[in-house]
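Chemist: Take this structure, written in structure tokens, and hold onto it; I'll ask about it next.
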């Protein structure tokens, strides 16, 4: 699976979509396509819950065929999901998925927006979702998005009329959109927003339906379609050299951390949207029918359109710069339009077209990836005019600084001009980091106090270069972000964001430290320098009851990018306890408590994330037997490192090396999450795994998703077992121990209901719902209003050993330092041989 993802990533790289920061330089065909979009004054907003929920086929169709300004509002950033390509989870996964969505929009031509809702994990009903999310706040974010984006039509991905039939986040997104459709034009609703924006009345609200929502193609074929618009989204674009479905496949394939890489498709394909509110289009193939999408919809716009329509009709693909005078004239007229929204939006589009038509390349780049508040940076300016047009570079200035160059030189055809600007980074410049992670939020909501930031996909850049260009007497200003431009021998030319970082950051190698007894541990703290010549002190902050060998230790680092590790000895209290430790860097009169996490993949820009640096410390009285654990890695998790924390020696097993007797040396063998979903070879290694159990081993199989290997996992276990989609999403749901006398809950650690306190995100997922009499169900649990689920933890003796299947979310609980989860997992690994099924009490 990982090999296939790497191959697909290579394919994407060959298509030039991975270098996300590379300045866009359009061909004549692409300029013409942008001109067509410029001349369409209509807006569509697609709304759903998560990254990957969006219908890229429809977004691409609206953007590239209809030519509408098209946006996707994802209420969450996908923080609660899993990651198939790396270690990022929770808020870091949200950062990765945010960038994957932006990468998808760069492909399909859409724009990306978010609410403050936090993806807290699977939810079975919108009532639960909207309680955890804070309905009023998220509804306000949807209203805010509508008022700012001003869509003529809104399209919901999910059906607001079917609560409880799908993911609660899905239905909630549709319910909130349905309600916000009317509230956006109500001055009494979220009136505080109107200080920064204005009301807006969308014309139509649709639901993007399909046969899936009807249960079968036959039922959908028989359904009443009088309220539906049918769009053939399989159209081919000669200008772009791709079909709509090919673009859509490439866009959705940007969601690599979710394993969404897929083959492209071609040919006719129908897409349906059902009218929920507003007037039904008379033309059942046009969602904008009856809405004026010409320049005439704007007062003063007709004069602009009269020029631009002629350029579109007579566009010169071989010499597009000939249109510069008319484009400049249209731009001057556009500045006289009273409508702020259309003036600002279309002025931005028109400036980009002017830039590309003129063959102008403008770049402001640094020779370093980052600087610090109060630091100094050299910005390299490159300007070139690749046309015969009369163009003068008047000035270049850098935002947030007072530095400005005024060369006032004629830009001759294809003669590059280079300049340097030395800037002082203001000492009050904010660090670069995702704005929604700046303050601590709640389970369901990110905290964002700045209303202007709400909805934005990422934090605005700290520094922008403003190029003042004169076109034969008419002056325009072009804005470009300051970037880091460099090359690597094995990668070629690269571009990434220019960041502002603290002078130093500190981090722990382990985010959870388990003290299984009262012995002290050495705690390494790594300081990374982001500036030269650092000299300071590091203090380890800790709670009462925990002891440290020194209050602080000094450090000295000469070069930025270098690191120094200091060792503190931490002594736990005598009794069980949960607490946190954090490093405090004392440097130049400042205290820094952040760690830097860098997220770097080829298909997204490199991300710098500053988070509070801390580690959870847990004093735990835990017992275990055995020492050597074999671990077969599945879709990726941190369970092996968690087991090492409590003293196990964990050996990673390559499935290809499994043979008869090769597992006998292990006291227990564990399969990582979704191992059978992602490792095809396990089908052929099952007999060796069962042989290991039969001879006396403990085999622990963590959750797999149903229906992805053969016929319902025919040979998953030595006895019949059927996986389902059963899950318990309430991490606080009551847990009943069914097999009270079973060794699983008695040896070597006594397990009771209190050991299920403090669990995070969920109890578990994809529980078996049928199993043979050889299995003993150990636990029972349920979500509110549902039947009890007994398949979360099953154990069966097989030969001299034990086969254990668990859907409990140990992959979340162990890295979160949940004491009860550690005790229960230790019991699974320590299960004695020849344990027989026990009758339920």
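Chemist: Anything in the stretch 759-774 that is part of a loop (DSSP other than H, G, I, E, B), in contact with a strand residue (DSSP E or B) (Cβ under 8 Å, 6 or more places away or on another chain) and surrounded by fewer than 22 Cβ atoms within 10 Å (Cβ to Cβ)? List them, or say none. So that I can check it myself, show each step before the final result.
Modeler: Going through the stretch 759-774, the residues part of a loop (DSSP other than H, G, I, E, B) turn out to be 759-763, 772-774.
When the remaining residues are screened for being in contact with a strand residue (DSSP E or B) (Cβ under 8 Å, 6 or more places away or on another chain), the result is 762-763, 772, 774.
Selection gives 772, 774.
Chemist: Another question about this same structure. For the stretch 272-313, what are the residues that are part of a loop (DSSP other than H, G, I, E, B) and touching a helix residue (DSSP H, G or I) at 6+ places or on another chain (Cβ under 7 Å)? Before you say what the answer is, go through the steps one by one.
Modeler: Kept after step one, since they are part of a loop (DSSP other than H, G, I, E, B), are these residues of the stretch 272-313: 279-294, 298-300.
The answer is 294, 298.
Chemist: Is it the case that residue 455 is at positive phi and assigned to a loop (DSSP other than H, G, I, E, B)? Can you show your working first?
Modeler: Working: at positive phi: yes; assigned to a loop (DSSP other than H, G, I, E, B): yes.
Against the criterion (at positive phi and assigned to a loop (DSSP other than H, G, I, E, B)), residue 455 qualifies.
Chemist: Give the residue that is surrounded by the most Cβ atoms within 10 Å (Cβ to Cβ), with candidates limited to residues of the stretch 552-576 that are closer than 30 Å to residue 622 by Cβ and at pLDDT below 95. Walk me through how you get there before you give the answer.
Modeler: Taking the stretch 552-576 as the starting set, the residues that turn out to be closer than 30 Å to residue 622 by Cβ are 565-576.
When the remaining residues are screened for being at pLDDT below 95, the result is 574-576.
Details: 574: 10, 575: 9, 576: 13.
Result: 576.
Chemist: From 739, 734, 796, which residue is in contact (Cβ under 8 Å) with a residue 40 or more places away in the chain and surrounded by fewer than 17 Cβ atoms within 10 Å (Cβ to Cβ)? Give the steps one after another, and end with the answer.
Modeler: Numbers: 739 fails: surrounded by fewer than 17 Cβ atoms within 10 Å (Cβ to Cβ); 796 fails: surrounded by fewer than 17 Cβ atoms within 10 Å (Cβ to Cβ).
Criteria check complete, one pass: 734.
Chemist: Given (1) over 20 Å from residue 822 (Cβ atoms); (2) touching a strand residue (DSSP E or B) at 6+ places or on another chain (Cβ under 6 Å), where does residue 786 come up short, assuming only one miss?
Modeler: (2)
Chemist: Additional query: On the basis of being in contact with a strand residue (DSSP E or B) (Cβ under 7 Å, 6 or more places away or on another chain), surrounded by 13 or more Cβ atoms within 10 Å (Cβ to Cβ) and over 29 Å from residue 146 (Cβ atoms), does residue 234 make the cut?
Modeler: Numbers: in contact with a strand residue (DSSP E or B) (Cβ under 7 Å, 6 or more places away or on another chain): yes; surrounded by 13 or more Cβ atoms within 10 Å (Cβ to Cβ): yes; over 29 Å from residue 146 (Cβ atoms): yes.
Yes: the conditions hold for residue 234.
Chemist: What about residue 614, is it within 22 Å of residue 92 (Cβ to Cβ) and in the same structural domain as residue 758 (by TED's automatic domain parsing)? Steps first, please.
Modeler: On the way: within 22 Å of residue 92 (Cβ to Cβ): yes; in the same structural domain as residue 758 (by TED's automatic domain parsing): no.
It is false that residue 614 is within 22 Å of residue 92 (Cβ to Cβ) and in the same structural domain as residue 758 (by TED's automatic domain parsing).
Chemist: For residue 248, are the conditions met, namely being surrounded by 13 or more Cβ atoms within 10 Å (Cβ to Cβ), modelled with pLDDT under 95 and not in a loop (DSSP other than H, G, I, E, B)? I'd like the intermediate steps shown before the answer.
Modeler: Values: surrounded by 13 or more Cβ atoms within 10 Å (Cβ to Cβ): yes; modelled with pLDDT under 95: yes; not in a loop (DSSP other than H, G, I, E, B): yes.
So residue 248 fits the description; yes.
Chemist: Restrict the check to the stretch 582-594 and report whether at least one residue is out of contact with any helix residue (DSSP H, G or I) (no Cβ under 8 Å at 6 or more places or on another chain), on the phi > 0 side of the Ramachandran plot and touching a residue at least 12 places away in the same chain (Cβ under 8 Å).
Modeler: Taking the stretch 582-594 first, the residues out of contact with any helix residue (DSSP H, G or I) (no Cβ under 8 Å at 6 or more places or on another chain) are 582-594.
Subsequent filtering for residues that are on the phi > 0 side of the Ramachandran plot retains 588-589.
If we keep only those that are touching a residue at least 12 places away in the same chain (Cβ under 8 Å) as well, we get 588.
Yes.
Chemist: The conditions are (1) modelled with pLDDT of 95 or more; (2) over 29 Å from the mean Cα position of the chain (by Cα), and residue 784 fails exactly one of them. Which is it?
Modeler: Status for residue 784: all satisfied but (1).
Chemist: Let me ask something additional. Just need a number here: residues in the stretch 56-87 that are under 16 Å from residue 609 (Cα atoms) and buried (at least 21 other Cβ atoms within 10 Å of the Cβ). Walk me through how you get there before you give the answer.
Modeler: So in the stretch 56-87, the residues under 16 Å from residue 609 (Cα atoms) come out as 77, 79, 86-87.
If we keep only those that are buried (at least 21 other Cβ atoms within 10 Å of the Cβ) too, we end up with 77, 79.
Residues that pass the stated criteria total 2.
Chemist: Quick one: which helices (runs of 4 or more DSSP H) lie wholly within the stretch 1-86 and hold at least 3 residues that are out of contact with any strand residue (DSSP E or B) (no Cβ under 9 Å at 6 or more places or on another chain) and at pLDDT 95 or above? Show your work before the answer.
Modeler: Numbers: elements: 2-14, 28-38, 56-60.
In the stretch 1-86, the matching helices (runs of 4 or more DSSP H) lie at 28-38.
Chemist: For residue 693, indicate whether it is closer than 25 Å to residue 88 by Cβ and outside the structural domain of residue 574 (by TED's automatic domain parsing). Full working, then the answer.
Modeler: Numbers: closer than 25 Å to residue 88 by Cβ: no; outside the structural domain of residue 574 (by TED's automatic domain parsing): yes.
Criteria not met by residue 693.
Chemist: Considering only residues that are more than 13 Å from residue 422 (Cα to Cα) and part of a loop (DSSP other than H, G, I, E, B), look in the stretch 375-397 and name the one that is nearest to the chain's Cα centre (by Cα). Don't jump to the end; show me each part of the working.
Modeler: Of all residues in the stretch 375-397, those more than 13 Å from residue 422 (Cα to Cα) come to 382-395.
Filter once more, keeping what is part of a loop (DSSP other than H, G, I, E, B): 386-390.
Numbers: 386: 38, 387: 41, 388: 44, 389: 43, 390: 45 Å.
Taking the candidates together, the pick is 386.
Chemist: If a residue counts only when it is free of Cβ contacts under 8 Å to residues at least 24 places away in the same chain and more than 17 Å from residue 810 (Cβ to Cβ), which helices (runs of 4 or more DSSP H) contained entirely in the stretch 625-696 have at least 1 such residues? If you could, list the steps in order and put the result at the bottom.
Modeler: Numbers: elements: 639-645, 675-678, 686-694.
Where helices (runs of 4 or more DSSP H) fall fully within the stretch 625-696 and carry at least 1 residues being free of Cβ contacts under 8 Å to residues at least 24 places away in the same chain and more than 17 Å from residue 810 (Cβ to Cβ), they are 686-694.
Yes/no per residue for (1) without any contact (Cβ under 8 Å) to a residue 24 or more places away in the chain; (2) outside the structural domain of residue 612 (by TED's automatic domain parsing); (3) over 28 Å from the mean Cα position of the chain (by Cα); (4) surrounded by fewer than 20 Cβ atoms within 10 Å (Cβ to Cβ):
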{"site": "487", "(1), (2), (3), (4)": "yes, yes, no, yes"}
{"site": "494", "(1), (2), (3), (4)": "no, yes, no, yes"}
{"site": "511", "(1), (2), (3), (4)": "no, no, no, yes"}
{"site": "521", "(1), (2), (3), (4)": "no, no, yes, yes"}
{"site": "525", "(1), (2), (3), (4)": "no, no, yes, no"}
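Chemist: Taking the stretch 398-418 only, how many residues are within 19 Å of residue 473 (Cβ to Cβ) and not in a strand (DSSP E or B)?
Modeler: 5
Chemist: Condition first: over 24 Å from residue 514 (Cβ atoms) and either part of a strand (DSSP E or B) or in contact with a helix residue (DSSP H, G or I) (Cβ under 8 Å, 6 or more places away or on another chain) (or both). Now tell me which residues in the stretch 603-624 satisfy that. Walk me through how you get there before you give the answer.
Modeler: At the first step, the residues of the stretch 603-624 found to be over 24 Å from residue 514 (Cβ atoms) are 603-610.
Those that are over 24 Å from residue 514 (Cβ atoms) and either part of a strand (DSSP E or B) or in contact with a helix residue (DSSP H, G or I) (Cβ under 8 Å, 6 or more places away or on another chain) (or both): 603, 604, 605, 607, 608, 609, 610.
Chemist: Then there's this: So residue 698 clears everything in (1) farther than 23 Å from residue 789 by Cα; (2) at pLDDT below 95 except one condition, right? Which one?
Modeler: Single failed check for residue 698: (2).
Chemist: Scan the stretch 794-811 for residues that are at pLDDT 95 or above and under 31 Å from the mean Cα position of the chain (by Cα) and report the count.
Modeler: Total satisfying the criteria: 6.
Chemist: Now, a different point. Give 221, 182 a once-over and let me know the one that is part of a helix (DSSP H, G or I), at pLDDT below 95 and surrounded by fewer than 18 Cβ atoms within 10 Å (Cβ to Cβ).
Modeler: On the way: 182 fails: at pLDDT below 95.
So the residue among 221, 182 that is part of a helix (DSSP H, G or I), at pLDDT below 95 and surrounded by fewer than 18 Cβ atoms within 10 Å (Cβ to Cβ) is 221.
Chemist: With more than 30 Å from residue 603 (Cβ to Cβ), under 35 Å from the mean Cα position of the chain (by Cα) and assigned to a helix (DSSP H, G or I) as the only criterion, which of 206, 213 stands out? Walk me through it before giving the result.
Modeler: Details: 206 fails: assigned to a helix (DSSP H, G or I).
One residue alone meets the criteria, 213.
Chemist: Take residue 214 and tell me if it is free of Cβ contacts under 8 Å to residues at least 12 places away in the same chain and assigned by TED's automatic domain parsing to the domain that holds residue 163. Show your work before the answer.
Modeler: On the way: free of Cβ contacts under 8 Å to residues at least 12 places away in the same chain: yes; assigned by TED's automatic domain parsing to the domain that holds residue 163: yes.
For residue 214, the condition - free of Cβ contacts under 8 Å to residues at least 12 places away in the same chain and assigned by TED's automatic domain parsing to the domain that holds residue 163 - is met.
Chemist: In addition: Being assigned to a loop (DSSP other than H, G, I, E, B) and either farther than 18 Å from residue 706 by Cα or in the same structural domain as residue 168 (by TED's automatic domain parsing) (or both), is that true of even one residue in the stretch 801-813? Reasoning before the result, please.
Modeler: Step one: of the stretch 801-813, the residues assigned to a loop (DSSP other than H, G, I, E, B) are 807, 809.
With the extra rule that they be either farther than 18 Å from residue 706 by Cα or in the same structural domain as residue 168 (by TED's automatic domain parsing) (or both), the set shrinks to none.
No, the conditions are met nowhere in the stretch 801-813.
The values are calculated or read from the model by the stated rules, or taken from the named source; none is laboratory data. Everything numeric in this text was worked out from a predicted model, so none of it was measured. With ideal geometry, Cβ positions are generated from the backbone for all residues, glycine too; neighbour counts draw on all protein chains shown.
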